[in-house]
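Readers should treat all values here as calculations from the given coordinates under stated rules, not as data from a laboratory. This is a predicted model, so every value here is computed, not measured. Glycine also receives a Cβ, built like all others from the backbone with ideal geometry; neighbour counts cover every protein chain displayed.
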Amino acid sequence: MIRSRILGVGRYLPEKRVTNFDLAKMFDTSDEWIRQRTGIVERRFADAGVYCSDLALEASNEALKNAGMKAEELDFIIYATLSPDHHFPGNGCYLQTKLGLANIGAMDIRNQCSGFIYSLATADAFVRIGMYKRILVVGAEVHSSGLSFTDEGRDVSVIFGDGAGAVIIGPSEDPSRGILTNHLHADGAFANILHLEMFDISQKPCLTHEMLDRGSLWPRMKGKEVFRVAVTRIPEVIEEALKAANLKVEDVDLFIPHQANLRINQFAAAKLGVAEEKFYSNIQRYGNTTAASLPIALSEALEEGLIKGGSVVVFVAFGAGFTWACSVMRW
Ligand SMILES: CC(C)(COP(=O)(O)OP(=O)(O)OC[C@H]1O[C@@H](n2cnc3c(N)ncnc32)[C@H](O)[C@@H]1OP(=O)(O)O)[C@@H](O)C(=O)NCCC(=O)NCCS
């Protein structure tokens, strides 16, 4: 049986740090409010003129270097984002040309906070059927251009940050190591709980001044509802995935949860009876970077020596859609 594994990992965070105190100068909020409810202390914002694909390029180059590969050796690109450079074409195409490549396939996955795991599962399937051998999977976001830094938008704008992470997926020489199982879920009945209207394709034209005036450019979120469902779905999908991999919670060396809210992850860890230190956390420094949060966290966890050959690592995510997903791998 062919398994796929991660051959290289990279991340890129813009240099500009924006603290909670900086946000409190822009609208009515406080460091205490943000820290208590989310764990976030600061986040990074890309400068004006920087595209999502620019962040992705930096992370991809680091992942390639880490895998000891040249971009020319890639045979496919999967790009997860909710903040693409433009409405179309997909960001995989922009990234491809920035990498100096042509002709290889490139696709976008738009599953928000679960986008990286959906992408990983797609790459895993391509590798296992023998279709591709070197797939670049990237998650990248520029949220800072799409948030309302006002009292009205503060519940959402304090949460998100910019960043990118990338991995290279290829066949594992050792069939006991690599991605063991993937579990992808969605429930569109919750679509309006966390969404961005931006345009409405049923209207002609699909974007009007009136829509912009009523704020359709800004994401809307019913935070309590997101919290409530997330703390149920995250432990549930972890249990489902571990069962499929024939593993127990105690067998897991590191959980890498999507960095949406420190409290959501603390709740999930407690529900599973797992020590909080086993749930990786860097939301304090970056906020919620949506599709980028898992590969950024993986890259840092590796650097910190938290993952070694043979370690069991669990990725889990929950977000808009609602979508939620889990991957289990033996490193
Ligand atoms: C967003 C979240 C932190 C809000 O916390 P909460 O305890 O649910 O807060 P509420 O929305 O009930 O608001 C409580 C009060 O704080 C206010 N408030 C909202 N945002 C604020 C901010 N940034 N600063 C200060 N006050 C704020 C509200 O206006 C409200 O005031 P009121 O009581 O006078 O009406 C929390 O619901 C959450 O984290 N949800 C999950 C969100 C998430 O993870 N999203 C990403 C999914 S991938």
Dipole magnitude of the chain about its Cα centre, charges +1 at Lys/Arg Cβ and -1 at Asp/Glu Cβ only, in debye to the nearest 20? 540 debye
Checked against the positive end of the charge dipole of the chain (+1 on Cβ of Lys and Arg, -1 on Cβ of Asp and Glu, about the Cα centre), the farthest of S299, L196, A48 is S299
Taking H as built 1.01 Å from N, whose amide H comes closer than 5 Å to the amide H of G163, not counting residues under 5 places away? E141, H143
Only Lys, Arg (+1) and Asp, Glu (-1) charged, at Cβ; region 257-313 dipole about Cα centre in debye: 180 debye
Using a Förster distance of 30 angstrom, determine the FRET efficiency expected from the C-beta separation of Q266 and F199, and round it to 0.05. 0.20
Evaluate the relative contact order of region 1-122 (contact order divided by residue number), counting alpha-carbon pairs under 8 angstrom at least 6 apart; express in whole percent. 24 percent
Proximal lysines relative to K278, as straight alpha-carbon distance under 30 Å, when same-chain residues fewer than 8 apart are discounted: K16, K65, K222, K224, K243, K248, K308
Burial order of peptide ranges 248-254, 51-57, 62-68, 204-210 (average beta-carbon count within 10 Å, highest first): 51-57, 62-68, 248-254, 204-210
With each run of n ≥ 4 DSSP H residues scored as -39500 (n - 2.57), what mean residue ellipticity at 222 nm is computed for the chain after dividing by its residue count and rounding to the nearest 500 deg cm²/dmol? -9500 deg cm²/dmol
Reachable aspartates and glutamates, given that their alpha-carbon falls under 16 Å from the alpha-carbon of K70 and they are not under 8 places away in the same chain: E58, E62
Size of electric dipole in region 4-171: Cβ of Lys, Arg +1 and of Asp, Glu -1, about Cα centre, debye, nearest 20: 600 debye
³J(HN,Hα) across region 184-201 via Karplus (A = 6.51, B = -1.76, C = 1.60, θ = phi - 60°), whole Hz, x for Gly/Pro? 10, 9, 8, 9, x, 4, 9, 3, 7, 6, 9, 7, 10, 6, 6, 9, 10, 5
